[in-house]
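Report on the structure given below.
The values are calculated or read from the model by the stated rules, or taken from the named source; none is laboratory data. Worth saying up front: this structure is predicted, and the values here are computed from it rather than measured. So basically every Cβ, Gly included, is an ideal-geometry build from the backbone, and we count neighbours across all protein chains shown.
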Amino acid sequence: MQGNLTEVRQLSLLDTRFTFYVDESKTKLFCTASGSTPFIVLKDKLIEFLQNNFPGAIIDELLLRECVVSRSEKPRRVGVSKVPTKPQDEKLILLAKPFSLEQKSGLRFLDNIEPEREVARLIPAKEGEDGFDVFGQIIKADPPKKIAIQTGPNIEVRQEQNYASYYSKKFGYLFFDQKLIDIREELLIEGGVTQAIGNIRFNNVVRIKGDVGVGFIVKGDRGVFIEGDIYRDSEIFSSQGSVIVKGSCSLAKLAAFEKIQIKKVHRSTLKASEIVVEEESLSSELNAISTVTCKRVIGGYVCAAKQIEIGEVGAEGGAETVLEIVSDYEHKKKISETLKKISLLSRSAKLIKMQLGPYEFRNPKDLPEALQAKINTLKQKLSQVEDALGILKHDLNQLISEQKEIFGQITIKRKIGQNTVFRFGDQELKFFEEKIGPVVAKLSDGKIIS
């Protein structure tokens, strides 16, 4: 497309008249020719004229010849000048997926960033090369565009040979809003955890302003803070921090490296270094490496190595409530797991013996051939199970012998209800009737004193 053309020069050679035009950018040269003189006769003079008048034009002799031969009254392009080259704009290339709090569906693809991970590269701008018009006048190249990117406190910029690298200094997610790039250490969920959010697995702190719905997993390596309630079948974990819940939980699992603090617990399992239940634990399992503190416990199991401190425990006619002090929670866990395995294998041995029935002590050779193979197989299985049981019982005795002395204590401030059991190692103290506190129990010379 020619666009608007401007007449700039005329030339007469013999009987041929030339008119020259340029486009708006003055980078294209056009020509019309009228007359009958052959091109070969006009060529030298014509080229000389063009070089003197249009020093910036690169003349295409084939197109010029075609213009003369055709005697076209319509301007035809015969030359062009060198146009400026486009600059290379400054560009930021993201090497990690950024997360926007406004796009919560992105939680399914949350990119957990670790320290020393390269998250972006800034490619520097490159100047374009100047050009010139058909008259030889310089046309300046457009300046490259630069981007104004600020770096947050958790980004370190390192200058490489041909670009700048952006490295993370913290655990978190990549935040980028076209103006600022940073690593955010806290993942804030304004509402609750619902289907729109999905499960959360984050390598730093998770803060949830609402509830955790049914059946969701929330993992915040360095802490989980929940301002609402936790509903059934949900699992909350913090491998290096605490789990703090302002509301309650029901039929859920909570585990933390440091502390669990919650208002109420119902038929749930809690494991942490320290557990604080502000109001009530109902039919739940609380396991703490250090201490458990609770206002009221009804039913369930409470275990700690240093101290269990409860306001009221048990209830009249209620389910059994067990409070246990152990020397080492992890050691106690190994003993419990070994006991479970022994129980399962003992049940298997009993079932095999029931299948054998009266044939358990008979010689298979005295039996019909049809039964011999089956009886031999069952006896072989029974032998394997009994061998495994022997090994487990040996391991159990070893674990029991390695138990450390128990120093912790149980403190009940106000009242102990019926069916409450205090347990210190292999010693138990059961309360069949209500007792008014305060009561402090501990192990002394192998016996429970209170």
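Observations
- Annotation: Ile226 fulfils all but one of (1) touching a helix residue (DSSP H, G or I) at 6+ places or on another chain (Cβ under 9 Å); (2) within 24 Å of Ile289 (Cβ to Cβ); (3) among the aliphatic types (A, V, I, L, M); the unmet one is (1).
- One residue stands out among those in the range 290-307 that are surrounded by fewer than 19 Cβ atoms within 10 Å (Cβ to Cβ) and under 15 Å from Ser242 (Cα atoms): the one that is modelled with the highest pLDDT, which is Thr291.
- Count of the range 161-175 residues, restricted to those that are crowded, with 20+ Cβ neighbours inside 10 Å and more than 16 Å from the chain's Cα centre (by Cα), is 1.
- On the stretch given as the range 3-30, residues that are acidic (Asp, Glu) and surrounded by 20 or more Cβ atoms within 10 Å (Cβ to Cβ) total 1.
- Of Leu286, Leu254, all but one fail to be under 28 Å from Glu434 (Cβ atoms), at pLDDT 95 or above, out of contact with any His (no Cβ under 6 Å at 6 or more places or on another chain) and not polar (S, T, N, Q); the exception is Leu286.
- Scan of the range 67-99 for residues that are in a strand (DSSP E or B) and within 25 Å of Asp133 (Cβ to Cβ), ordered by number: Arg76, Arg77, Val78, Gly79, Val80, Gln88
- Of the set (1) modelled with pLDDT under 95; (2) within 23 Å of Phe99 (Cα to Cα); (3) surrounded by 17 or more Cβ atoms within 10 Å (Cβ to Cβ); (4) over 16 Å from the mean Cα position of the chain (by Cα), all apply to Phe225 but (1).
- Any hit, the range 186-197, residues being of a type outside the set (A, V, I, L, M), surrounded by 18 or more Cβ atoms within 10 Å (Cβ to Cβ) and within 22 Å of Val119 (Cβ to Cβ): no
- Within the range 257-266, none of the residues are aliphatic (A, V, I, L, M) and in contact with a Phe, Trp or Tyr (Cβ under 8 Å, 6 or more places away or on another chain).
- Boolean, Lys353 is outside any helix (DSSP H, G or I) and modelled with pLDDT under 85: no
- Any chance Leu286 is surrounded by fewer than 24 Cβ atoms within 10 Å (Cβ to Cβ), within 20 Å of Gln418 (Cα to Cα) and of a type in the set (A, V, I, L, M, F, W, C): no
- Residues of the range 123-160 that are surrounded by 16 or more Cβ atoms within 10 Å (Cβ to Cβ) and charged (D, E, K, R): Asp133 alone.
- Those residues of the range 16-66 which are among the polar types (S, T, N, Q) and part of a loop (DSSP other than H, G, I, E, B), in sequence order: Ser25, Thr27, Ser36, Thr37
- Selection within the range 289-321: residues that are touching a residue at least 40 places away in the same chain (Cβ under 8 Å) and farther than 23 Å from Glu433 by Cα. The member of this set that is nearest to the chain's Cα centre (by Cα) is Ile289.
Quick grid of which residues meet (1) part of a strand (DSSP E or B); (2) within 24 Å of the chain's Cα centre (by Cα); (3) not β-branched (Val, Ile, Thr):
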site: Asp233; (1), (2), (3): no, yes, yes
site: Ile236; (1), (2), (3): yes, yes, no
site: Ile244; (1), (2), (3): yes, yes, no
site: Ala255; (1), (2), (3): yes, yes, yes
site: Gln261; (1), (2), (3): yes, no, yes
site: Lys264; (1), (2), (3): yes, no, yes
